[in-house]
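Report on the following structure.
What follows is calculated from the coordinates using simple rules that are stated; it is not laboratory data. The model shown is predicted, which means the values in this text are computed figures rather than measured ones. A quick note on method: Cβ atoms are made from the backbone with ideal geometry, for glycine too, and the neighbour counts reach across all protein chains shown.
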Amino acid sequence: MWYQQMLILSPHQRGFHLVTAEITDRLNHLTEIKTGLLHLLLQHTSASLTLNENCDPSVRSDMEGYFLHQVSEDVPYRHDYEGADDMPAHIKSSLLGASLLIPVGQGKLLLGTWQGIWLGEHRNRGGERHILATLQGE
Amino acid sequence: MWYQQMLILSPHQRGFHLVTAEITDRLNHLTEIKTGLLHLLLQHTSASLTLNENCDPSVRSDMEGYFLHQVSEDVPYRHDYEGADDMPAHIKSSLLGASLLIPVGQGKLLLGTWQGIWLGEHRNRGGERHILATLQGE
Amino acid sequence: MWYQQMLILSPHQRGFHLVTAEITDRLNHLTEIKTGLLHLLLQHTSASLTLNENCDPSVRSDMEGYFLHQVSEDVPYRHDYEGADDMPAHIKSSLLGASLLIPVGQGKLLLGTWQGIWLGEHRNRGGERHILATLQGE
């Protein structure tokens, strides 16, 4: 069985956000899959998807602090049409990645106990974000 | 349906290159897939595959500038047999990743409007690069 | 055909470890797959899986040196409950990623000649690590 579905996330503030439930609640066919995989493609190049800790919000703010320091906005990039956060957002998107593949069993995501899906919003004003979900399995 | 096919990319200069068309033009069975996924594995450890902006070439040169600065070639690595770009290339390959999984619909890659496939060539003289494409779907 | 199997890796020292054989030797159905894909999800947020060089151990120690320098443990993170290596381990896990997807052909992983699967153990005392393997193919 193959299912494809577009998920539109409402605008999030710059930073990292736990979006596991926001994603799984909207998937129409997840509960039908006994064994399979869920693929998520964030169709943007200035945001990211990553797996990380699902409990303490300070992990997400420390992560934002790390990337703010690591990918400086004070560098004279050539690609700066949309502001100082433009090129750094592209860099963070490739460092973290824009897609995830997650195992599915008995209709649920088989993440580790402490794992959740994070959206990294790397623009100061990112707007809606489109995620194309491809679900396959038996 | 499952298809596997080796794609051989001709040598690219050091830096980041937009290779979406170079890849899709060679895929023999892409148009047969109604819903599916394309997996690409770059079979090397000193180059990378990533999704990023498909339009402005300065994004790619800024990206090269970032990684040149971020993964210094002036550090005394133990693994330096093939020159100062040797170990930094291995680091960049793991930071960016060597594989991609891309949704397919109606015989086409379902990337975002601004997304393209980038080859990161991290060696000064990289030679041909092999990408094993695995296409599956219905 | 779909198979799911939990692999439990015994504790590894902090650093990068070549675990290709440790993983493939335990997979029950790999040899039955003519064409397919193997997905590995490390169900933790303070360790990582990545593909890199499978031969010279100094690549792995240089990689550890790079990440030790790049993701400092001397920064005052808010999330430091489990010590100075706590938050840096979460950062490294997202930079490197916690999952891999590898093509399978004629019952074997189709990695490049020099590619192997690395476990990145980013905690000083990491304990056992769980990897959920999902194998599919025909």
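Figures for the structure shown
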| quantity | calculated |
| --- | --- |
| The range C:22-87 and the range B:1-79: distance between their alpha carbon centers, rounded to Å | 22 |
| Sum of side-chain charges, B:Glu82 neighbourhood, beta-carbon under 10 Å (Lys, Arg +1; Asp, Glu -1) | -1 |
| Mean projected area in nm² (Cα convex hull; one quarter of hull surface) for the protein assembly as shown | 17.8 |
| 3J(HN,Hα) from dihedral phi, the range B:117-134, Karplus parametrisation 6.51/-1.76/1.60, rounded to Hz, x for glycine, proline | 8, 10, 8, x, 9, 9, 9, 5, 9, x, x, 5, 10, 9, 10, 8, 9, 10 |
| Built amide H within the under 5 Å cut-off of C:Val104, gap 5+ | C:Gly36, C:Leu37, C:Leu38, C:Leu110 |
| Cα extents of chain A along the three principal axes, largest first (Å) | 51, 29, 22 |
| Unsatisfied cross-links (Cα-Cα over 32 Å) in the set C:Lys34/C:Lys92; B:Lys92/C:Lys108; B:Lys34/C:Lys92; A:Lys92/B:Lys108; A:Lys34/C:Lys34 | C:Lys34/C:Lys92; B:Lys34/C:Lys92 |
| The range C:58-64 - phi-based ³J(HN,Hα) in whole Hz, Karplus 6.51/-1.76/1.60, Gly and Pro as x | 5, 5, 6, 6, 4, 5, 4 |
| Descending principal axes extents, the range A:14-78, alpha-carbon based, whole Å | 50, 31, 17 |
| Efficiency of FRET between C:His69 and A:Val75 - r from beta-carbon atoms, R0 30 angstrom, step 0.05 | 0.95 |
| Whole-Hz couplings from phi, Karplus 6.51/-1.76/1.60, listed for the range C:13-28; x for Gly and Pro | 4, 4, x, 9, 9, 7, 10, 3, 5, 4, 8, 5, 4, 9, 6, 6 |
| Farthest toward positive dipole pole in the range B:15-117 [+1 Lys/Arg, -1 Asp/Glu at C-beta], among B:Met63, B:Leu27, B:Ser93 | B:Leu27 |
| For A:Val19, distant residues with modelled amide H under 5 Å away | A:Ile117, A:Trp118, A:Leu119 |
| Charge dipole (debye, nearest 20) of the range A:15-117; +1 at Cβ of Lys and Arg, -1 at Cβ of Asp and Glu | 560 |
